[in-house]
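Comments concern the structure below.
The values are calculated or read from the model by the stated rules, or taken from the named source; none is laboratory data. Remember, it's a predicted structure, so these values are computed and weren't measured experimentally. Neighbour counts are summed over all protein chains in view; Cβ atoms, including those assigned to glycine, are modelled from backbone coordinates with ideal geometry. With ligands, DNA and RNA removed, areas are computed over all heavy atoms of the protein, side chains included. Shrake-Rupley method; radii C 1.70, N 1.55, O 1.52, S 1.80 Å.
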Amino acid sequence: MVCISLFIETLDFPSQITEFSILSKKRGLSLDEKREKMLQIFYESQNFFLLKELEKLGPKKGVISQTVKDVVQSLVDDDLVSKDKIGTSVYFWSLPSCAGNQLRNVYKKLEADLQSSKKRHVELVEQCQNLKKGREESDEREEALEELKATEQKHKELKEELAQYADNDPATVETMRNAVQVAHAAANRWTDNIFTLRQWCSNNFPQAKEQLNHLYSEVGITDDFDYVELPAAVPHPPVGDQIASDSV
């Protein structure tokens, strides 16, 4: 405890607080501030610079050398600083007159965009007014809207009713008929394969006839196992006739 007390007594709190306050007030420059500082270097000297020269001049304006390259490149991207390669070296420069011309060009472009937007606004207002013509609120318009609503509802109901008869759709029926034919042919093809296999087993293993019959029974091949025959097709009435008969 004595050591701690002596250590505290040796501290100069007022001076340390003052130093801390001064440091706390210092802050780094924002990107816009760095750009402004770098432009000052160009405008004040009106000279051409290499990047390494700018990295030496930047700290004098409060821009640390490590950030000079990115800041200068952002100025180049915004056409505020010119850049060109001469021989093996890359030079940067910017004159106040050049900056003024660039700003005037930007102003002209913004002014043109504004005029274009105003023209488009007038066109849209005119188009809106034209669309309102003939759509004023009236008893006839209300009746027409009600009739349209009723027609749409009737169309929806008829569409739902028609969906109930989708199974009788000629295209659907034809698709199902083709699928049945394919399945029938496949079933009989496998039936023929089974008969061929049974015949082969009987010819090659006559002494195992009892075991083979038992095996056939277990897998469902019984004495009445035979080819599949399709029943005679029953003609269906046309869709319109069926709808009419259902509605009676």
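Applying the condition of being at pLDDT 80 or above and among the small types (Gly, Ala, Ser) to the range 213-248 and asking which residue is farthest from Leu162 (Cα to Cα) yields Ser217.
Residue check: is Phe92 of a type in the set (Phe, Trp, Tyr), at pLDDT 90 or above and surrounded by fewer than 16 Cβ atoms within 10 Å (Cβ to Cβ)?
Details: of a type in the set (Phe, Trp, Tyr): yes; at pLDDT 90 or above: yes; surrounded by fewer than 16 Cβ atoms within 10 Å (Cβ to Cβ): no.
Criteria not met by Phe92.
Checking each residue in the range 80-100 for being free of Cβ contacts under 8 Å to residues at least 24 places away in the same chain, within 19 Å of Ser45 (Cα to Cα) and not basic (Lys, Arg) picks out Ser82, Asp84, Ser97, Cys98, Gly100. Only a single criterion out of (1) modelled with pLDDT of 90 or more; (2) part of a loop (DSSP other than H, G, I, E, B); (3) in contact with a strand residue (DSSP E or B) (Cβ under 9 Å, 6 or more places away or on another chain) is not satisfied by Val63, namely (3). Scanning the range 69-95 for residues that are closer than 20 Å to Asn105 by Cβ and outside any strand (DSSP E or B) yields Ser74, Leu75, Val76, Asp77, Asp78, Asp79, Leu80, Val81, Ser94, Leu95.
Among the residues of the range 34-54, write down those that are open to solvent by 60 Å² or more (accessible area, probe 1.4 Å) and either modelled with pLDDT under 90 or out of contact with any strand residue (DSSP E or B) (no Cβ under 8 Å at 6 or more places or on another chain) (or both).
So in the range 34-54, the residues open to solvent by 60 Å² or more (accessible area, probe 1.4 Å) come out as 36-37, 43-44, 46-48, 52-53.
Selection gives Glu36, Lys37, Tyr43, Glu44, Gln46, Asn47, Lys52, Glu53.
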